[in-house]
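Let me begin by presenting the structure, written as structure tokens, before commenting on it.
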Amino acid sequence: MAERAQFEELARQLSAVGAVKRDMGRILPPDCPAGSAAVLTLLGRHGDMRMSKLAELLAVDMSVTSRHVAHVAARGWIERLPDPADKRSRILRLTPEGLDQLDELSRRTTHLLAERLADWTDDEVGQLIRLMTRLRDSFGDCRSAPVRLPAPVVDETTRTPAST
């Protein structure tokens with residue numbers, strides 16, 4: 001097992017991934033902010049779904065999901081169809097324009113990664129993919145799992161004796 005110092009460095013490096021994500025966010029088209037891109041990406045990856053499933057996959061509140069969905073629907077990138085199983089619910093589906101937008105997002109992201117990782121070998125890129133996949137698998141579906149923190153360490157010399 002890795003040593004504590006390695007895990008501390010890993011935590012620092014994972015925090016730095018935020019800078020990479022922000023840089024990737026800068027290449028998004030002006031009318032497609034990160035939340036909209038996430039909606040399109042998830043619908044592209046998982047197919048048609050209810051809004052509740054999308055909110056779960058986004059790991060955000062239903063009100064936030066509704067705003068993202070309204071944004072992409074207003075641009076014609078998705079359609080909201082009645083759910084045959086429950087007429088009160090809607091099924092979200094990518095439109096041909098949504099698929100085109102998703103292709104554009106993929107093109108931009110691929111171009112940025114190819115540009116920034118130009119000095120990496122194919123093996124290094126493959127190794128990063130494998131390790132990031134393994135890291136994600138190690139965490140499982142952390143969207144719904146409660147976070148379990150270790151119990152605090154109590155120094156026995158600072159405890160006060162119980163009075164009887």
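Apply the Debye scattering formula to the stretch 1-64, with a single equal point scatterer on each alpha-carbon and no solvent, then give log10 I(q)/I(0) at q = 0.18, 0.26, 0.28 Å⁻¹. Those come out to -0.81, -1.06, -1.13, one per q. Net charge around ILE129, counting only other residues with Cβ within less than 13 Å of its Cβ (Lys, Arg = +1; Asp, Glu = -1)? With Lys, Arg at +1 and Asp, Glu at -1, the net is -1. Note on SER89 and ILE27: the model spin-label points, each 7 Å out from Cα along the C-beta direction, lie 3.6 nm apart. Pairwise alpha-carbon distances in the stretch 41-123 exceed 22 Å for 35% of all pairs. Computed extension length for VAL125-GLN6: 40.7 nm, one decimal, from 0.36 nm per residue of separation with the Cα-Cα distance subtracted. In this structure, GLN13 and SER52 have a Cβ-Cβ separation that, at R0 = 30 Å, corresponds to a calculated FRET efficiency of about 0.30.
Summing +1 for each Lys or Arg and -1 for each Asp or Glu among the other residues whose beta-carbon sits under 15 angstrom from that of GLU97 gives -2.
Across the accessible surface of the stretch 12-51, with the other protein chains kept in place and a 1.4 Å probe, carbon and sulfur atoms take up 58 percent.
The values are calculated or read from the model by the stated rules, or taken from the named source; none is laboratory data. These figures come from a predicted structure and were not determined experimentally. Virtual Cβ from ideal backbone geometry, glycine too; neighbours counted across all protein chains shown. Calculation scope for accessible area: heavy atoms of the full protein, side chains included, ligands and nucleic acids excluded. Shrake-Rupley method; radii C 1.70, N 1.55, O 1.52, S 1.80 Å.
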